[in-house]
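Contents: one structure, followed by commentary.
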Amino acid sequence: MSYSHILVAVAATPESQQLLDKAVSIARPVNARISLITLVSDPELYNQFAAPMLEDLREVMQEETQDFIDKLSKEAEYPIEHTFITYGALNEHILDVCRKYAIDLVIYGNHNHSFFSRASCSAKSVIHTSQVDVLLVPLAGD
C-alpha cells in the first residue's frame, strides 16, 4: 500500500530521527508528503511554586521545541509539509490533524520512556478511533 501524507509523532530526543528516517523511506518511493507533530510539556506540571515564571517557561519550552522541530526538518533531506506543536492530549491533536490534512499514515515510536510511553498510549487511542493506519516503530534502547 502506498501512502500520500504521513504524520510523524516526534519528541525532542535522538530517537525521533529514526522515526523520520522510517517516514522518509516510506514516502520517498511514492513522493508522499510528510508532516511532523510534537507535544510541548506544560511547565505547570513541573513546579507549582513557580507561578510568576510559568509564562516565561512556556515561551522557552515553545522556542526549544520549535528549534528542535526546525532542525529535525532541515536534517530530513526530504521536504516537510507541515509541523505541529501541540499542548494537551496528543491523540486528540493527531486525530484532528489527520482529518484536516488528509493524513493516511501516522508513525509513532514504541519506547518505554517519557514522551514515547505517552505517545504509545495515544497511539492506542488513535488506532481505536481513527480511520488511518498507525505504524509503531521500535526504537533503540528497548
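Only the coordinates and a few stated rules stand behind these numbers; no lab work does. Predicted, not measured: the structure shown is a model, and the values here were computed from it. Positions of Cβ are backbone-derived with ideal geometry, glycine not excepted, and every protein chain shown enters the neighbour counts.
For the reader, a short list of remarks on this structure follows.
- For peptides 3-14, 75-86, sequence by mean Cβ density within 10 Å, most packed first: 3-14, 75-86
- For the pair residue 28 and residue 82, the difference between a 0.36 nm per residue extended length and the Cα-Cα distance amounts to 17.8 nm.
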